[in-house]
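Trainee: Below is the structure I would like to discuss, written out as structure tokens.
Values in this text are rule-based calculations from the coordinates and carry no lab data. Predicted model, so just to flag it, every value in this text is computed and none were measured. Neighbour counts are summed over all protein chains in view; Cβ atoms, including those assigned to glycine, are modelled from backbone coordinates with ideal geometry.
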Amino acid sequence: MNAFDTPKLEYFELSPLLVVFGVALVGVLVEAFAPRERRYLLQTAVTVLGTVGALVMTVLVARDLKEYDGARGAIAAMGAIAVDGPSVFVWGLLLVLSLLSALLFAERQLDGGVTAFAGQAAALPGTEAERQASSQGLEHTEVFPLLMFSVGGMMLFAASNDLVTMFVALEVFSLPLYLLCGLARRRRLLSQEAALKYFMLGAFSSGFFLYGVALVYGYAGATDFAAISQAVSGRVGGEGLLLGGIALLAVGLLFKIGAVPFHSWTPDVYQGAPTAVTGFMAACTKIAAFGALLRLFYVGFGGAREDWTPMIWAVAIATMVVGSLFALVQSDIKRMLAYSSIAHAGFVLVGFVGLYSGGPDSVQISSLQAVLFYLVTYGFMTVGAFGIVTLVRDAGGEANHLSRWAGLGKEAPLVAAVMSFFLLGMAGIPLTSGFTGKWAVFTSAAQGGAVPLVVIAVVLSAVAAFFYLRVIVQMYFADPVGEGPTIAMPSVLTAVVIAVGFAATLLLGIVPGPILDLAGNAGSFIR
């Protein structure tokens, strides 16, 4: 009779994940048992307090990291999860941005006392059921536990030390996002179309990822990253299985990043989803996906870097080119920001290539530090910018067409100034966090030997600056169309999101040292 080994879980190291998933389950119970009129307040309080609690536990875990095989951290959950410096750094960043996103989810003042989410998702737009849901002020407060399930999946995704765990995490954070994208109160058909596109293409990308897991398992005989790394370093055959597995796994990860040629979902989904969901998705999904990409390719496939580096070079160049050029012709602010996010993914991939260009260990850690810092700057700028988008209105709700932003500088000087600052940060103008982030990833990539890629990135950064400046010119120097833009007064929730995004973009451009040091102190991945 075979002995049964009791699974061992490191509860303290896993406590941030456990808190997030616990909060999500509490949210489900609130939906089941709390009276409808109290759900909004309860769900908001549970989500905010739970996220703060998880953030506190993340700080405590970061302070208690021990030395493990030359790096700081621990392999937890029977080898499935790596709790090390980079994963804890990503956890903290995800939780802070998720807290800001939860405030956007909870905003009620902009839509007449209800949230921006549909009152009754099953009701067809324009029907009597839809009108009754609106007149009764019904709200889908299920969005809060869905948000927390997605956050927990993202945290698990970035810390996965096993391909099966990574696939489970991918599905855990993706499925709630598919639902959230289709729950817009206004422009419901566009929102439902976005959700369907995201679901269909996401299902295909998950299939590619799972097939890649099968090929890598066939090559290495294991799915944990340490065993894969050992098999890759000592390989004597099976090149087809390995390279095919790497390519298919890259498809699944690059899809979530929004890299070319797996980007086609991004503009449609960003445009159709509720703006609060778009901001959350644009910032947090990209951060989690880059965390997973870095871990898998550094820890698992580091010994095959000469095989996959040309692929990443090609993807990075294509992503920067498509993101920068296609954004030039967009007339919708959310689609423009979608292509902007694609371009930013390309810039981060430049730092990723520098990380694996065969330089000394000091260069590798410096590049990881640069990539993490760029993700911080990008996340705060993005959430803040989408917070501004929710304020510009017309009779139909949000006024996303760029022509409706004409004259915003005269109508609402403060809103226009803050949005201009976010756009200048995305363009990489000095004294903003965007400039410091680009300088960091470009410098690290050049040190790693990717000088031609850096030259291309600098040129395309200049191209990208044009479409950001175009919006600023539209706000300050174009005549308004018709009655001009209208600014809805937000509650303190959205105001806090915008203020935090603005402060982070300003401070990280002027004094980036503390966050750069924090990213540097994160150390390297444990193996």
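Trainee: Show which aspartates and glutamates lie in cross-link reach of residue 197 when reach means a straight Cα distance below 15 angstrom and same-chain residues fewer than eight apart are skipped.
Mentor: 268
Trainee: Residue 499 to residue 196: extension gain in nm, 0.36 nm per residue of separation minus the Cα-Cα distance?
Mentor: 105.7 nm
Trainee: Is the C-alpha gyration tensor of segment 201-279 telling us rounded, prolate or oblate? Criteria: a/c under 1.5 is rounded; beyond that, a/b larger than b/c is prolate, otherwise oblate.
Mentor: The shape class here is prolate.
Trainee: Would you report the distance distribution of C-alpha pairs in the chain as whole percents per 10 angstrom bin, up to the bin with the largest distance?
Mentor: The calculated distribution, bin by bin, is 4, 19, 31, 27, 14, 5, 1, 0, 0.
Trainee: A further question on this structure: Find which of 388, 153, 169 sits farthest along the positive direction of the dipole of the chain, computed with +1 on the beta-carbon of Lys and Arg, -1 on that of Asp and Glu, about the Cα centre.
Mentor: 388
Trainee: Quick check: pseudo-label points 7 Å beyond the Cα along Cα→Cβ at residue 489 and residue 439, how many nm apart are they?
Mentor: 4.1 nm
Trainee: What does the C-alpha gyration tensor say about the overall shape of segment 1-87? Classify as rounded when a/c is under 1.5, otherwise prolate if a/b is larger than b/c, or oblate.
Mentor: In terms of gyration-tensor shape, oblate.
Trainee: Subtract the Cα-Cα distance of residue 329 and residue 52 from 0.36 nm times their separation in residues, and report this length gain in nm to one decimal.
Mentor: The residue 329-residue 52 span can extend by a further 95.7 nm.
Trainee: Based on the Cβ-Cβ distance of residue 429 and residue 45, what FRET efficiency does E = 1/(1 + (r/R0)^6) give at R0 = 45 Å, to the nearest 0.05?
Mentor: E(calc), rounded to 0.05, equals 0.70.
Trainee: So, with +1 on the Cβ of K and R and -1 on the Cβ of D and E, and no other charges, what is the size of the charge dipole of the chain about its Cα centre, to the nearest 20 debye?
Mentor: Using Cβ point charges on Lys, Arg, Asp and Glu, the chain gives about 580 debye.
Trainee: Give the Rg (one decimal place) followed by the Dmax (whole number) of segment 244-297, computed from C-alpha coordinates and expressed in Å.
Mentor: Rg, Dmax (Cα atoms, Å): 11.9, 37.
Trainee: Contour minus end-to-end for residue 64 and residue 247, with contour as 0.36 nm per residue of separation and end-to-end as the Cα-Cα distance?
Mentor: This chain segment gains 62.2 nm when fully extended.
Trainee: Turning to a different aspect of this structure: How far apart, in nm, are the 7 Å Cα→Cβ label points at residue 214 and residue 481?
Mentor: The modelled label-to-label distance comes out at 4.9 nm.
Trainee: Continuing with the same structure: How high is the relative contact order of the chain, in percent, with contacts defined as C-alpha pairs under 8 Å that are six or more residues apart?
Mentor: 17 percent
Trainee: Label-point separation (nm) for residue 521 and residue 38, each offset 7 Å from Cα along Cα-to-Cβ?
Mentor: Taking the simple label geometry, residue 521 and residue 38 are separated by 4.3 nm.
Trainee: Something else: Please list, in order, the residues from segment 307-321 whose amide nitrogen is less than 12 Å from a point placed 7 Å along the Cα→Cβ vector of residue 239.
Mentor: So the set is 307.
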